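S.K.: Pasting a structure here, questions to come.
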Amino acid sequence: MGSVLRDLTRTSRKACDLSDFATKPPKDTEREAIEAETEKLSKRVEELFDLLFFAGSKSFLLVLQGMDTSGKDGSIRSLLRATHAQTCRVASFKVPTAEELSHDFLWRCHKQTPGKGEIVIFNRSHYEDVGVVRVHSLVPEKVWRARYDHINAFESLLAENSTIIRKVFLHISKEEQEERLLEREADPKAAWKLSVGDWKEREHWDAYQEAYGDAIAECSADHAPWLLLPADKKWYRNWLLHQIVIEALEPFEEEWKAKLESIGAEARAELAAFRAGS
């Protein structure tokens, strides 16, 4: 597991050409075996989410970015199967509202970050402000380029305040995106997802690839690593995403268990004192 994720993980600020990274699983990967393993991993994710929630000493922020149709919604659905309503929530970031535009670009994301004991999944994120704004020249280059430093400072602040951060780029091929867009048109149940804007944005594919590659290179760190996840196959994507979550949280498992034992001991002592006095 670890070696697979190490191949996907970027923590150093080096040039990142997304065309160098795979979008498909290795040829010898067996779908049935992967799906069976994902079911097991889902139970493990549930255990760790519960520990994080009840220990209440750290928070977890999972950032999902990717091209249109890359599978952000599907990835979230896959993970939510392993959660309870009280442990996890999703924050989605669409076109900024008038109120959001009246603040700094990080404002709308910062107020959605998790508190201690909380798990939050960002469906898109502050990286839209060095992506779409760059591709469509919504702000001058000197503005979006300065935002890399602001993002790094923002994520450092979160990490220093006990937030575990993982940022996942769902990496699909241009051919796979076309297939998914055409599937939406053919599927009546997916009609609500249809948007001419998706086809228009597709015309800027190369510009988006360059923008995301630069953002990954400029904003990678040990405390907030990027993982470039091959996402052409949904079953492989889900398997890797579960592994990413587990590997992020497992190092804190014993710490959380110890805290829960301490909380339990205090509760038992309070109960004993109450009964002795009644």
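A short reminder: the numbers here are calculations on the coordinates, not readings from a lab. Predicted, not measured: the structure shown is a model, and the values here were computed from it. Quick reminder, even Gly has a Cβ in these numbers, built from the backbone with ideal geometry, and neighbours come from all protein chains shown.
S.K.: For the stretch 15-131, with only Lys/Arg (+1) and Asp/Glu (-1) charged at the beta-carbon, what is the dipole magnitude about the Cα centre, in debye rounded to 20? Intermediate values should be presented prior to the final figure.
M.R.: On the way: 16 positive and 19 negative charges, 69 e Å.
Using only the charged Cβ atoms, the result is roughly 340 debye.
S.K.: Take the stretch 163-207, drop everything but the C-alpha atoms, weight them equally and run the Debye formula without solvent; then report log10 I(q)/I(0) at 0.19, 0.31, 0.34 Å⁻¹ to two decimals.
M.R.: Scattering profile of the stretch 163-207, log10 relative to I(0): -0.70, -1.18, -1.24.
S.K.: Would you please put 267-276, 158-167 in order of how densely packed they are, using the mean number of other Cβ atoms within 10 angstrom per residue and starting with the highest? Kindly include the intermediate steps, with their values, before the conclusion.
M.R.: Values: 267-276: 9.4, 158-167: 17.8.
Listed from highest to lowest mean packing, they are 158-167, 267-276.
S.K.: Give me the dipole magnitude in Debye, nearest 20, for the chain about the Cα centre, with unit charges on the beta carbon: positive for Lys and Arg, negative for Asp and Glu. Please list the in-between numbers first.
M.R.: Values: 40 positive and 48 negative charges, 106 e Å.
In total the dipole reaches around 500 debye.
S.K.: Could I have the simple spin-label model distance between residue 150 and residue 30, label points 7 Å from Cα toward Cβ, reported in nm to one decimal?
M.R.: Going by the 7 Å Cα→Cβ label model, 5.1 nm.
S.K.: Same structure again: Return P(r) of the stretch 173-231 (all Cα-Cα pairs; 10 Å bins starting at 0; whole %; ordered from short to long distances).
M.R.: 19, 38, 29, 14, 1
S.K.: Continuing with this model, one more query. Put +1 on the Cβ of each Lys and Arg and -1 on the Cβ of each Asp and Glu in the stretch 121-269; which of 256, 186, 207 then has its Cα farthest toward the positive end of the dipole?
M.R.: Positive-most Cα among the choices belongs to 186.
S.K.: Turning to a different aspect of this structure: Which entries of 116/200; 43/174; 24/189; 43/167; 72/111; 94/142 show an alpha-carbon separation above 30 angstrom in the structure shown?
M.R.: Details: 116/200 40 Å; 43/174 33 Å; 24/189 26 Å; 43/167 22 Å; 72/111 21 Å; 94/142 23 Å.
Over 30 Å Cα-Cα: 116/200; 43/174.
S.K.: Averaging over every viewing direction, what projected area does the convex hull of the Cα atoms of the chain cover, in nm²? List each step's numbers first, then the result.
M.R.: Details: hull surface 72.6 nm².
Result: a mean projected hull area of 18.2 nm².
S.K.: Also: Contact order normalised by length for the chain, with contacts defined as Cα pairs under 8 Å and 6 or more residues apart; what percent is it? It would help to have the intermediate numbers written out before the result.
M.R.: Values: 374 pairs, mean separation 101.0, N = 278.
Relative contact order, the chain: 36 percent.
S.K.: Treating the beta-carbon of each Lys and Arg as +1 and of each Asp and Glu as -1, no other charges, what is the dipole magnitude of the stretch 108-156 about its Cα centre, to the nearest 20 debye?
M.R.: Values: 8 positive and 6 negative charges, 19 e Å.
I would put it at about 100 debye.
S.K.: Quick one: Cα centre-to-centre distance for the stretch 94-161 and the stretch 38-69, in angstrom?
M.R.: Taking the Cα centre of the stretch 38-69 as reference, the centre of the stretch 94-161 is 21 Å away.
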